[in-house]
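Accompanying notes for the structure given below.
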Amino acid sequence: MTTTEHSRRDFVCAIAGCAAAMAAGGCSDFTHTPFFKKCFRDMRPQQIAVLLADLTQKNKHRFGRDVEITATTSQPGVEFGYALDLSRCVGCRRCVHACVEENNQSRDPQIHWIRVLEMEKQKGIDFAHADPYYEAEEVPREGHFYLPVACQQCENPPCVSSCPVGATWQEPDGITVIDPDWCIGCRCCISACPYGARHFNWAEPEIPAAELNPQMHVIGNRPRPKGVVEKCTFCIQRVRSGRYPACVEACPVGARKFGNLLDPASEIRQVLDTKNVFVLKSELNTRPRFFYFYGD
Amino acid sequence: MRRHLPVLLLLSGIAGLIPVACGKAAGEQSGNFTLGDPATENRTRQEAVSRAAPPPPLSEDTFPCSDCHDPEIPVNREPRPMAMAHDEIPLEHDPENMWCLACHDADARDMLHLAGGRKVPFEESYRLCAQCHGAKFQDWKAGIHGRRTGQWGGEKEILLCANCHSAHSPSFKPIQPELPPLRPETTR
Amino acid sequence: MVQTFQMLGQFARNGLRTMLHGSRLYWLWVIGLSLLVVSGAIAYSSQLSGGLITTSMRDQVSWGFYIGNFTFLVGVAAAAVMLVIPAYVYQWKPIKEIVLLGELLAISAILMCGLFVFVDIGHPERFWHLIPGLGRLNVPSSLLGWDVIALNSYLVLNVVIASYMLIKLFQNKEPNKRFFMPLVWLSIPAAVGIHTVTAFLYNGMAARPFWNSAILTPRFLASAFCSGPAILLILLQLLRKFTTLEIQDAAIRKVAELMAYAMGINLLLLGAEVFKEYYSDTVHLNHMQYMFTGIDGHDAIVPWMWLSVFCSVAAFLLFLVPRTRKNLVTLNLGCVLIYVGVYLEKGMGLVIPGLTPDTLGEIYEYVPSSSEIAISAGIFGIGALAFTFMVKVATPILLGDLRYQRREPASK
């Protein structure tokens with residue numbers, strides 16, 4: 001056997017092994033969805049309809065519950081923006097957990113799309129000395145402030161340009177999304193993101209059926225398979241039907257503001273017009289649509 | 001009881017979110033208010049007018065005040081700690097310069113009054129707060145201050161100042177945080 | 001046409017026969033490597049079913065041992081062919097042998113590169129998403145997309161050159177220079193190209209200041225050029241010992257001398273990086289601090305990084321000083337040292353400090369899991385086996401012992 005045949009044989013065996021292992025592992029990716037389906041952004045409407053039907057059935061089978069999966073597109077004249085009042089945030093992490101429930105994140109292994117960093121007032125914004133693992137009887141702790149970080153939905157997203165297969169892209173309304181059936185799991189985007197906003201499914205995600213959020217968006221909070229990347233989508237399933245993201249509503253101190261940047265009367269524009277905002281790591285020219293300000 | 005009242009007020013405020021109609025809904029004890037804000041007037045078609053005051057967080061056994069307060073009895077306007085009733089209410093809202101009658105009206109017991117004397121109902125208590133906390137009030141009108149739920153471009157549920165801040169003890173008390181994330185070393 | 005098929009058939013049969021015949025040492029080597037491959041395959045199957053959680057990688061350090069090995073091997077693949085440049089410039093004999101063996105090493109290295117990427121991604125069955133036309137290759141913006149094109153083109157180029165050369169030699173014919181030489185000349189910029197693209201992949205990430213330094217690409221080229229030929233040097237000496245292949249000492253010493261200069265440049269560039277970080281003393285120093293002194297008690301990688309510096313400097317001196325360069329024992333010691341030094345520097349020493357501390361300042365101490373080590377060893381085993389088999393077939397062809405016998409009635 002020549003070398004090329006030898007390597008080809010190894011390769012085919014590897015693929016066959018993959019397929020066998022995945023089938024044995026009960027991976028349902030193979031059972032209903034066609035293997036050669038396109039990336040979501042290349043799909044025609046009838047292909048999307050087939051995909052939605054298939055996902056609905058698959059999720060019903062997996063969780064034993066009826067789900068409603070939409071593929072609502074972006075509206076013209078809408079570009080989402082977000083602002084967070086650092087003088088208000090007390091570090092209670094209600095947003096983190098509201099997000100987990102709303103967006104069907106894996107409980108084990110644990111994935112959190114929002115990371116709340118405790119920082120010292122003396123040091124200001126200093127990532128080198130930030131602590132996301134703070135534990136306290138009560139927050140806010142004396143001498144500290146809190147900076148929640150999630151996807152910044154950058155205008156100039158480095159993750160989008162790094163993806164070798166175009167599995168992540170930015171929608172017209174400013175939300176950067178991921179197609180979990182197209183992502184190959186190379187994690188280039190995680191290396192490229194300056195905000196630690198992207199997360200990988202290192203194992204099969206575990207979501208208790210009773211806690212499943214059945215209102216889903218096909219490139220939003222529908223349950224993801226293992227081996228793909230996920231991140232905050234500004235609760236695309238909510239905001240495209242006009243609602244606030246879950247974190248905005250969960251925050252007990254009203255630190256989170258959200259709206260349409262193109263609407264001069266929106267709350268987010270009010271913030272930008274009347275408050276002095278800043279963005280994280282502005283020198284990287286990512287131009288986030290997530291602003292921080294001090295309301296007080 | 002005195003200890004728990006601020007917490008109860010806070011909780012009832014947060015729990016007492018009631019969706020608000022566009023000011024046309026019947027049968028709700030709400031008052032229309034236009035905020036008189038240029039931003040709200042020059043509204044695009046996308047953001048509908050959505051504001052009307054939710055009910056204030058009053059507890060049943062203390063309201064209406066006129067149930068107990070007899071207008072015939074002369075009023076003692078001397079700032080002093082309460083003894084017979086309302087002694088459980090903490091006065092932690094600038095106690096050096098304010099006491100009960102700074103906001104509550106002695107003549108019309110079911111109303112509050114502004115600094116100039118004009119009376120306002122409890123549903124418009126924000127107007128009282130706005131006198132001293134003008135910048136906060138502007139922020140609250142614009143939606144920058146205070147928690148809102150509902151539609152980012154449409155109907156929203158907003159809260160009165162008193163729904164989150166007890167007027168008697170306004171500062172936010174620290175709360176217990178949720179559990180921290182698991183460290184990556186523990187994920188196996 | 002029939003003649004061609006007969007010839008190819010004989011090539012294949014004889015090639016296979018050559019692979020399956022060897023000394024006891026040869027079989028020990030092959031079986032040892034095969035065992036590595038088997039253990040790697042077993043570890044990989046549990047990674048496939050359970051997910052990449054069997055590795056030590058997590059969100060904070062999302063690339064690790066696999067990508068570190070990949071990066072190092074791209075350098076080896078590039079260097080193997082870059083050796084062609086001095087070979088032609090200095091008119092070495094035997095030039096053909098050096099070129100061919102370099103090509104075979106490059107093929108093995110690229111094969112391993114591909115395998116390391118394959119085992120690192122979450123959905124290896126979706127590799128077809130990378131194929132333009134069938135999938136959706138995101139060029140020009142994605143450097144990883146360019147890397148896929150560059151590496152695959154390089155692999156095809158080398159396979160074509162090596163096969164063509166071997167088959168022509170097998171038939172005792174001269175290669176058609178008009179077809180062959182352009183390919184050889186093309187392989188040189190291709191070699192530089194694959195390594196530059198891989199460097200750009202890291203370099204372009206503004207989120208990772210340790211990588212986002214313009215000096216990264218020249219460092220890659222320098223470290224590739226100084227370490228890649230090390231394997232070839234050892235191999236050439238083995239071939240000289242066990243076969244009738246003739247290679248002059250002068251050629252070997254010249255390669256070692258060039259490696260010394262390349263290592264000198266590499267050390268200079270490293271020194272420049274160290275100066276810039278320590279003197280400017282910005283927050284970005286923390287990556288280099290993590291490498292060389294550790295932070296807050298997190299220092300698992302520190303001894304390895306110092307080992308790398310020690311090996312690199314020692315190898316540099318061994319190759320630089322003529323006496324130690326002439327002495328074959330110290331020369332070969334230098335080869336091993338340079339390999340270890342650059343492997344540590346370019347593999348783990350590039351990937352891990354780049355990701356530690358992470359973008360939000362967190363330190364997660366990454367140490368490869370046993371599963372990762374087993375799988376990586378298995379892949380090195382596959383590469384070594386591929387290289388062994390190819391060299392086993394190529395050597396008799398180069399020496400003229402294996403030739404096409406035109407069959408008149410029956411074959412010998």
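Which of the residues belonging to the stretch B:78-94 are charged (D, E, K, R) and surrounded by 10 or more Cβ atoms within 10 Å (Cβ to Cβ)? Reasoning before the result, please.
Just the residues of the stretch B:78-94 that are charged (D, E, K, R), to begin with: B:78, B:80, B:87-88, B:92, B:94.
Once the filter is applied, which keeps residues that are charged (D, E, K, R) and surrounded by 10 or more Cβ atoms within 10 Å (Cβ to Cβ), the stretch B:78-94 yields B:Asp87, B:Glu88, B:Glu92, B:Asp94.
Taking the stretch C:235-247, which residues are in a helix (DSSP H, G or I) and surrounded by fewer than 15 Cβ atoms within 10 Å (Cβ to Cβ)?
Narrowing the stretch C:235-247 to residues in a helix (DSSP H, G or I): C:235-242.
Hits for the stretch C:235-247 are C:Leu238, C:Lys241, C:Phe242.
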> Where in the stretch B:111-188 are the helices (runs of 4 or more DSSP H), entirely inside, with at least 3 residues that are buried (at least 16 other Cβ atoms within 10 Å of the Cβ) and without any contact (Cβ under 8 Å) to a residue 60 or more places away in the chain?
Replying inline: B:126-132, B:134-142
>> Among the numbered criteria (1) within 30 Å of C:Gln60 (Cβ to Cβ); (2) among the polar types (S, T, N, Q); (3) surrounded by fewer than 17 Cβ atoms within 10 Å (Cβ to Cβ), which one does A:Gln105 miss?
In response: (3)
> Scanning the stretch A:268-291 for residues that are touching a Gly at 6+ places or on another chain (Cβ under 8 Å) and part of a loop (DSSP other than H, G, I, E, B), which turns out surrounded by the most Cβ atoms within 10 Å (Cβ to Cβ)?
Replying inline: A:Arg289
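Take the residues of the stretch A:239-251 that are facing another protein chain (nearest Cβ under 7 Å) and touching a residue at least 12 places away in the same chain (Cβ under 8 Å): which is farthest from A:Gly77 (Cα to Cα)?
A:Cys251
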>> Can you confirm whether A:Ala197 is more than 7 Å from chain C (Cβ to nearest Cβ), in contact with a Cys (Cβ under 9 Å, 6 or more places away or on another chain) and hydrophobic (A, V, I, L, M, F, W, C)?
In response: yes
> Can you name the residue in the stretch A:202-226 that is within 14 Å of another protein chain (Cβ to nearest Cβ) and of a type in the set (Asp, Glu) and is also farthest from A:Ile69 (Cα to Cα) among such residues?
Replying inline: A:Glu204
> Do we find that C:Leu144 is assigned to a helix (DSSP H, G or I), under 20 Å from A:Gly185 (Cα atoms), within 20 Å of the chain's Cα centre (by Cα) and within 12 Å of chain A (Cβ to nearest Cβ) in this structure?
Replying inline: yes
> For the subset of the stretch C:386-399 comprising residues that are over 14 Å from the mean Cα position of the chain (by Cα), crowded, with 19+ Cβ neighbours inside 10 Å and not β-branched (Val, Ile, Thr), which member is modelled with the lowest pLDDT?
Replying inline: C:Leu398
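Residues of the stretch C:27-71 being among the polar types (S, T, N, Q) and either in a helix (DSSP H, G or I) or touching a His at 6+ places or on another chain (Cβ under 9 Å) (or both), which ones? Break it down into steps so the answer makes sense when it comes.
First, the residues of the stretch C:27-71 that are among the polar types (S, T, N, Q): C:34, C:39, C:45-47, C:49, C:54-56, C:60, C:62, C:69, C:71.
Within the stretch C:27-71, C:Ser34, C:Ser39, C:Ser45, C:Ser46, C:Gln47, C:Ser49, C:Thr54, C:Asn69, C:Thr71 qualify.
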>> If I ask for residues that are in contact with a Gly (Cβ under 7 Å, 6 or more places away or on another chain), within 19 Å of C:Gly347 (Cβ to Cβ) and not aromatic (Phe, Trp, Tyr), which ones from the stretch C:44-81 would you list?
In response: C:Leu52, C:Thr55, C:Ser56, C:Met57, C:Gly68, C:Asn69, C:Thr71, C:Gly75, C:Val76, C:Ala78, C:Ala79, C:Ala80
> So A:Val165 clears everything in (1) farther than 23 Å from C:Gly114 by Cα; (2) of a type outside the set (S, T, N, Q); (3) touching a Leu at 6+ places or on another chain (Cβ under 7 Å); (4) within 9 Å of chain C (Cβ to nearest Cβ) except one condition, right? Which one?
Replying inline: (1)
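Being out of contact with any helix residue (DSSP H, G or I) (no Cβ under 6 Å at 6 or more places or on another chain) and in a loop (DSSP other than H, G, I, E, B) is the filter; apply it to the stretch C:356-385 and report the residue that is surrounded by the fewest Cβ atoms within 10 Å (Cβ to Cβ). Quick ask: steps written out before the conclusion?
From the stretch C:356-385, those out of contact with any helix residue (DSSP H, G or I) (no Cβ under 6 Å at 6 or more places or on another chain) are C:358-359, C:362-363, C:365, C:367, C:369-370, C:373, C:380; that's our starting set.
Filter once more, so that each one left must be in a loop (DSSP other than H, G, I, E, B): C:358-359, C:362-363, C:365, C:367, C:369.
Numbers: C:Asp358: 21, C:Thr359: 22, C:Glu362: 22, C:Ile363: 18, C:Glu365: 19, C:Val367: 14, C:Ser369: 19.
Checked the stretch C:356-385; the qualifying residue surrounded by the fewest Cβ atoms within 10 Å (Cβ to Cβ) is C:Val367.
Based on this model, can you work out whether A:Asn276 counts as within 20 Å of the chain's Cα centre (by Cα) and not β-branched (Val, Ile, Thr)? Even if it seems obvious, please write down each step before you answer.
On the way: within 20 Å of the chain's Cα centre (by Cα): no; not β-branched (Val, Ile, Thr): yes.
No; evaluated as a whole, the condition is false for this residue.
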> What is the number of the single condition among (1) modelled with pLDDT of 95 or more; (2) in a loop (DSSP other than H, G, I, E, B) that A:Met119 does not meet?
Replying inline: (2)
> Could you say which residue among C:Gly50, C:Gly64, C:Gly32 is within 14 Å of chain B (Cβ to nearest Cβ) and out of contact with any helix residue (DSSP H, G or I) (no Cβ under 7 Å at 6 or more places or on another chain)?
Replying inline: C:Gly50
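For the stretch A:254-267, how many residues are buried (at least 20 other Cβ atoms within 10 Å of the Cβ) and more than 7 Å from every other protein chain (Cβ to nearest Cβ)? Break it down stepwise before answering.
Step one: list which residues in the stretch A:254-267 are buried (at least 20 other Cβ atoms within 10 Å of the Cβ), which gives A:254-260, A:263, A:265-267.
Now narrow it down to the ones that are more than 7 Å from every other protein chain (Cβ to nearest Cβ): A:255-256.
Residues in the stretch A:254-267 being buried (at least 20 other Cβ atoms within 10 Å of the Cβ) and more than 7 Å from every other protein chain (Cβ to nearest Cβ): 2 in total.
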>> Looking at the stretch A:50-94 only, could you name the residues that are under 30 Å from A:Val116 (Cβ atoms), part of a helix (DSSP H, G or I) and among the basic types (Lys, Arg)?
In response: A:Arg94
> In the stretch A:255-267, which residues are assigned to a helix (DSSP H, G or I) and farther than 11 Å from B:Gly153 by Cβ?
Replying inline: none
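Yes or no, residue by residue, for (1) closer than 30 Å to A:Asp181 by Cα; (2) at the interface with another protein chain (Cβ under 9 Å from one of its Cβ atoms); (3) under 27 Å from the mean Cα position of the chain (by Cα):
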| site | (1), (2), (3) |
| --- | --- |
| C:Pro132 | yes, no, yes |
| C:Val148 | yes, yes, yes |
| C:Val160 | no, no, yes |
| C:Leu166 | no, no, yes |
| C:Lys173 | no, no, no |
> Can you name every residue in the stretch C:347-366 that is more than 22 Å from A:Cys159 (Cβ to Cβ) and either within 12 Å of chain A (Cβ to nearest Cβ) or of a type in the set (S, T, N, Q) (or both)?
Replying inline: C:Ile363
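Scan the stretch A:136-147 and give yes if some residue there is away from chain C (no Cβ under 11 Å) and surrounded by 23 or more Cβ atoms within 10 Å (Cβ to Cβ), otherwise no.
Going through the stretch A:136-147, the residues away from chain C (no Cβ under 11 Å) turn out to be A:136-146.
Applying the additional criterion that residues be surrounded by 23 or more Cβ atoms within 10 Å (Cβ to Cβ) yields A:146.
Yes; the residues of the stretch A:136-147 include at least one that is away from chain C (no Cβ under 11 Å) and surrounded by 23 or more Cβ atoms within 10 Å (Cβ to Cβ).
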> Exactly one of (1) small (Gly, Ala, Ser); (2) over 19 Å from C:Ala386 (Cβ atoms); (3) in contact (Cβ under 8 Å) with a residue 12 or more places away in the chain is unmet by C:Ala41. Its number?
Replying inline: (2)
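Checking the conditions here, which among C:Ala262, C:Ala230, C:Ala224, C:Ala250 is in a helix (DSSP H, G or I), touching a His at 6+ places or on another chain (Cβ under 8 Å) and not acidic (Asp, Glu)? Reasoning before the result, please.
Values: C:Ala262 fails: touching a His at 6+ places or on another chain (Cβ under 8 Å); C:Ala230 fails: touching a His at 6+ places or on another chain (Cβ under 8 Å); C:Ala250 fails: touching a His at 6+ places or on another chain (Cβ under 8 Å).
When all the criteria are applied, what remains is C:Ala224.
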> Does any residue in the stretch A:276-296 that is closer than 12 Å to A:Leu86 by Cα come within less than 6 Å, Cβ to Cβ, of a residue that is among the polar types (S, T, N, Q) and assigned to a loop (DSSP other than H, G, I, E, B) six or more places away or on a different chain, and which pairs are these?
Replying inline: A:Tyr294/A:Ser87; A:Gly295/A:Ser87; A:Asp296/A:Ser87
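The values are calculated or read from the model by the stated rules, or taken from the named source; none is laboratory data. From a predicted model like this one, the values you see are computed outputs, not experimental measurements. Methodologically, a virtual Cβ is constructed for each residue, glycine included, from the backbone with ideal geometry; neighbour enumeration extends over all protein chains shown.
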